[in-house]
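Have a look at the structure below before the remarks.
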């Protein structure tokens, strides 16, 4: 797709733009809190823990929650196969429960973001059932149907083109009822909707209006750059790839089509009818250049650059520079280290020789918290990261995650169940998550690693998140400031400065398990840098000299008023 760098953007200045100045907290509803004891998290469970999140002096202090899908679904892909776009799955509660959750969030100053899965529906959705029932009915062209071009020498029906499913196998499945192939980027139970059909477009934009009218403050758009496919559905060019057939093609015809730009404009015009609403799109299998071309005013893009960076100051510096070059000063990043599809960063950053849950791993998690909450852009936290929750260990043979069950050498897949473990709230039975048997097991250290225990410990990972969120809220430079990297002379120390008007913040992050000493370059200011937060023993208010001695794995934020 074209980079589209000429789209005019609005100034990034207003504190009313909560999507820019605030912090978003992702909740995977099945795993956050279970109020009715069936082992599956629900909306009432989320409502019962809002004081942990915001609106209270001792809360985490986030500004918005993002709910992974809560719609009725047969759960072939755990909610990302939607059977009703304007309802709530009974396992999570009801629309009345949702309204109570929105009201409870708004009373605490917390915004609510919904996950919209508009590239595909469930094969159990009434739209698809009607579409497969007739080639002439009103829903006939709501999905992407094509005839077979013939049969192979073995007598098998040939698919319409060479497209592959991201979850393995062909992107085409034959339907006997209709006598045609239908296209699916993911599971066969997730047929892709035909966004080129005006009726489909009207219906899906109607879904957006429905939830806005219900008080929702924003949307996360699942795999939004795959909405449109190339006209005529030509095959993708082949390429030499790695393991897995998905990498053996250049995906130029099954995503990143130019029509998406016009649709984003129309969608944003609808969202903008309600002041202060935002959207964020999940970039599916794209590049930084793709992400830059899709950012709009009040529309962020998850580019996921940071989610795969190893524990290395140099690696993070390189990623920050690459994003800065792609986005420039006018485009606003969305920053994320963990989510429901990727390994938790507390596990990813665990020292290789250390057991899960090690003290050094927790020290790294504190440094990562300082990094995420000080980088230019909007931070998105993933539930549990505030206590450095680790991955579960679940073999593929026992996975709920559908692609994990078919993983092989030529289809490598990380079992996503492992990042979706229940949130441990207390040291009591069921870790306070559920009075029943949790749908996934608790982490082995749940009795020691839980929100209640860490809330009482001023040296905990949770304490660092709370203090860091409070500092970010009070420091304009950390919310909307410019950013530039600072040379440190030590390959294991990452340093950068944020500035906004008279507000400035210096961030020093020691990635090494050894002390580090760096010399601060003089910048002509008469005001000294004063410690605002340290993950070590440094006292707030201490003045930094020209030479700064950092403790092993210390994260430090110093400010100037």
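Projecting the alpha carbon convex hull of segment 481-560 along each direction and taking the average yields 4.8 nm².
In percent, rounded to a whole number, the relative contact order of the chain is 13, using alpha-carbon pairs under 8 Å and six or more apart. Computed over segment 418-561, the range of Cα coordinates on each principal axis works out to 62, 33, 26 Å, biggest value leading.
What are the semi-axes of the equivalent ellipsoid for segment 122-192, taken as the square roots of 5 times the Cα gyration tensor eigenvalues, largest first, in whole Å? Don't skip to the answer; put the middle values down first.
Working: eigenvalues 83, 46, 15 Å².
Square roots of five times the eigenvalues give 20, 15, 9 Å.
Against the chain, whose longest principal axis comes from its Cα atoms, helix 359-374 is set at around 80 degrees.
One entry in (1) 178; (2) 214; (3) 153 is volume of the Cα convex hull per residue in Å³ calculated from the shown coordinates; its label is (3).
Order the peptides 152-160, 132-140, 76-84 from the highest to the lowest mean number of other Cβ atoms within 10 Å of their residues.
Highest to lowest by the protection proxy: 76-84, 132-140, 152-160.
Centre-to-centre, using Cα atoms only, segment 333-402 and segment 49-127 are separated by 22 Å. Taking the C-alpha atoms only, the angle from helix 95-107 to the longest principal axis of the chain is near 20 degrees. Helix 313-327 against the longest principal axis of the chain: what's the angle in degrees, Cα atoms only, rounded to the nearest 10? Between the helix axis and the principal axis of the chain, the angle is about 60 degrees.
Using C-alpha pairs below 8 Å separated by at least 6 residues, the relative contact order for segment 163-300 is 22 percent. Classify segment 88-152: rounded, prolate or oblate, from the alpha-carbon gyration tensor (a ≥ b ≥ c, eigenvalue square roots; a/c under 1.5 rounded; otherwise prolate if a/b is larger than b/c)? Prolate shape, in that a/c is at least 1.5 and a/b is the bigger ratio.
Helical content alone sets the calculated 222 nm signal of the chain at -6500 deg cm²/dmol, taking -39,500 (n - 2.57) per DSSP H segment of four or more residues and averaging over every residue.
Read-outs: derived from the displayed coordinates by stated rules, not from any lab. It should be emphasised that the depicted structure is a prediction, and the values quoted were computed from it without experimental measurement. Don't worry about glycine lacking a Cβ; one is built from the backbone with ideal geometry, like all the others, and counts go over all protein chains shown.
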